[in-house]
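Heads up: the structure comes next, in structure tokens.
The values are calculated or read from the model by the stated rules, or taken from the named source; none is laboratory data. Everything numeric in this text was worked out from a predicted model, so none of it was measured. Positions of Cβ are generated from backbone atoms using ideal geometry, with glycine treated the same way; all protein chains shown enter the neighbour counts.
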């Protein structure tokens, strides 16, 4: 597969109300969301969003309800029109596309998975899965062959002729995922795709997604309100609050250096062992002769397992070629894994 | 000023208004009447063809075909057996031919109402403005006493099948339009958004999502239309539509109680057959919504 293209979001504003365009300047001049609502009866949806979403990676956008995250993802395939700003994909501005161009863009470049599944209730699993190809005009036989592969891949073989409401929530969302994957689009938009599922099924689906991404390398935009989910899936995370990005970076960046008290409060309960890399904690000033090794780029929790099984106090961290990079001390590892008292 | 009598227009003025409007309409009838009549000829031909088919064919064949259609639609032995008994009784009591005429009439009216009503309903669902124009017209069609709009229809088309057909369709089409509109407007917006996200065109959305999901409501509309068409059969008899309506009118004029009841019951029997068959058919189309994951 060719190198996937990223998505650039530049100075994106969305203001709901009859005169949204006029209100952008007021926001730029520093008016708050509450003031705008009170004085002009317009609702600030998105405020100066700038995110560079890397191609072939999972970009998570996290925020609580009302933070504008669902509004943001709908700008990428323009289910919502922006008030101002650009959404660039491969140098093309989605916001400037004509209706026809937009339809082609949606058909071939994007696929979307929805929180409430949004399956067609009168169609079987198979007929739901081929939907994207059907409207592209792909011959039904070919479409069904391609769909069958993805139905199998998400673990729904044998359910092709079932109707959505014969399936459990988790299975319905697998259909939603298969439908999106069958489209074979570069961009996969997932709007709180797993939020409606119970915790075990959600973990399960996250694993399915990560496994798929390992081989597909799509540009995935994943919306969630769940920090654990964000940290597990996200190569990059942007945190949204009141329509503005308040921090973006890798999961480790956000956990180690929360931008403000709001985020600090969020990350307090996070299992740090699963977020922090051994590279961050290791002592780079010395190397160890012999002893047990762990590879660079793994999480502390994995290293902790090696500590526990071996009973050693120090591990050698090595790169892919086996060359030592530094030393991980058990004391440092444990300190990094527990939440600092200052937070 | 006199506060007892309402200050109405003078008799002279009112008469002038009436004369002007009537004259204008008569003029219109003279100019376009023939054209309109010719335009509706295929409709009349089809109605006559269907009537002949039902009446001239040997009755056992017609009986088997009608009961067969009921079975194919309902897939229900009870409804099929009931229809068979009802039709046999109608034949035994000497109302076979009139019943066939009425069935032909109601079938053509329903087809016409579906053919016109669904597109209008779709347009209404797409445009709030169009809806705000059509809604009062539908109110008018449903509440205006049928006898009133029989007058212009008869002036244009004279007495006969076509004016009856038009009168029945005017009376029976509003639920078809309203329920198509309602059904499409009630389609889950999440599913519509998904259709948009995959790049559906407006037509693809209509065919793949809106119409199928609105189908239960549209089926209810078809059912209502059939019932109202049957109810209108007696009124249409006033302007020369033959069938079960005419003996009823005859019975009213001559106070033939038994004759009235028998023909009335025949209309009820057809109504129930149509109703059960279409409802069962609609339900069968919605099979996917019955099995819920436990």
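Results, tabulated for the structure shown:
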quantity	calculated
Subset of the range A:186-201 (residues that are in a loop (DSSP other than H, G, I, E, B) and without any contact (Cβ under 8 Å) to a residue 12 or more places away in the chain)	none
First in the range B:210-222 and closer than 14 Å to residue B:115 by Cα, second anywhere and modelled with pLDDT under 95 and surrounded by fewer than 19 Cβ atoms within 10 Å (Cβ to Cβ), Cβ under 6 Å, 6 or more apart	B:219/B:282
Residues satisfying the stated conditions in the range A:112-130, i.e. more than 15 Å from residue B:188 (Cβ to Cβ) and facing chain B (nearest Cβ under 7 Å)	A:112
Which listed residue, of A:15, A:27, is touching a strand residue (DSSP E or B) at 6+ places or on another chain (Cβ under 9 Å) and touching a residue at least 40 places away in the same chain (Cβ under 8 Å)	A:15
Residue ID - surrounded by the most Cβ atoms within 10 Å (Cβ to Cβ), chosen from residues in the range A:150-175 that are free of Cβ contacts under 8 Å to residues at least 12 places away in the same chain and more than 11 Å from every other protein chain (Cβ to nearest Cβ)	A:152
Test: residue A:82 is touching a helix residue (DSSP H, G or I) at 6+ places or on another chain (Cβ under 7 Å) and more than 19 Å from residue A:164 (Cα to Cα)	yes
In the range A:257-267, the residues that are touching a helix residue (DSSP H, G or I) at 6+ places or on another chain (Cβ under 8 Å) and part of a loop (DSSP other than H, G, I, E, B)	A:258
Test for residue A:286: is it in contact with a strand residue (DSSP E or B) (Cβ under 6 Å, 6 or more places away or on another chain), away from every other protein chain (no Cβ under 14 Å) and either surrounded by fewer than 23 Cβ atoms within 10 Å (Cβ to Cβ) or more than 30 Å from residue A:323 (Cβ to Cβ) (or both)	yes
From B:217, B:225, residue being assigned to a helix (DSSP H, G or I), touching a helix residue (DSSP H, G or I) at 6+ places or on another chain (Cβ under 7 Å) and within 14 Å of chain A (Cβ to nearest Cβ)	B:217
Condition check for residue B:269: touching a helix residue (DSSP H, G or I) at 6+ places or on another chain (Cβ under 8 Å), assigned to a helix (DSSP H, G or I), closer than 26 Å to residue B:142 by Cβ and within 13 Å of chain A (Cβ to nearest Cβ)	no
Index of the failed condition, residue B:84 passing every other in (1) free of Cβ contacts under 8 Å to residues at least 40 places away in the same chain; (2) closer than 26 Å to residue B:215 by Cβ; (3) touching a helix residue (DSSP H, G or I) at 6+ places or on another chain (Cβ under 6 Å)	(2)
Hey, residue B:144 more than 21 Å from residue B:45 (Cα to Cα) and in contact (Cβ under 8 Å) with a residue 12 or more places away in the chain or not	no
Test result for residue B:248, more than 14 Å from chain A (Cβ to nearest Cβ), more than 19 Å from the chain's Cα centre (by Cα), part of a helix (DSSP H, G or I) and surrounded by 22 or more Cβ atoms within 10 Å (Cβ to Cβ)	yes
Matching residues, the range B:1-54, being in a loop (DSSP other than H, G, I, E, B) and closer than 30 Å to residue B:97 by Cα	B:40
Residue count, the range A:85-109 (criterion: more than 9 Å from chain B (Cβ to nearest Cβ), surrounded by 13 or more Cβ atoms within 10 Å (Cβ to Cβ) and over 23 Å from the mean Cα position of the chain (by Cα))	1
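Here's the yes/no breakdown for (1) surrounded by fewer than 17 Cβ atoms within 10 Å (Cβ to Cβ); (2) touching a helix residue (DSSP H, G or I) at 6+ places or on another chain (Cβ under 7 Å); (3) modelled with pLDDT under 90:
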position: A:213; (1), (2), (3): no, no, no
position: A:220; (1), (2), (3): no, yes, no
position: A:234; (1), (2), (3): no, yes, no
position: A:243; (1), (2), (3): no, yes, no
position: A:269; (1), (2), (3): yes, no, yes
position: A:290; (1), (2), (3): yes, no, yes
position: A:293; (1), (2), (3): yes, no, yes
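Conditions tested, residue by residue: (1) closer than 28 Å to residue B:116 by Cα; (2) without any contact (Cβ under 8 Å) to a residue 12 or more places away in the chain; (3) exposed (fewer than 13 other Cβ atoms within 10 Å of the Cβ); (4) within 19 Å of the chain's Cα centre (by Cα).
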{"site": "B:42", "(1), (2), (3), (4)": "yes, yes, yes, yes"}
{"site": "B:46", "(1), (2), (3), (4)": "yes, no, no, yes"}
{"site": "B:50", "(1), (2), (3), (4)": "yes, no, no, yes"}
{"site": "B:54", "(1), (2), (3), (4)": "yes, no, no, no"}
{"site": "B:61", "(1), (2), (3), (4)": "no, yes, yes, no"}
{"site": "B:69", "(1), (2), (3), (4)": "yes, no, no, no"}
{"site": "B:73", "(1), (2), (3), (4)": "yes, no, no, no"}
{"site": "B:78", "(1), (2), (3), (4)": "no, yes, yes, no"}
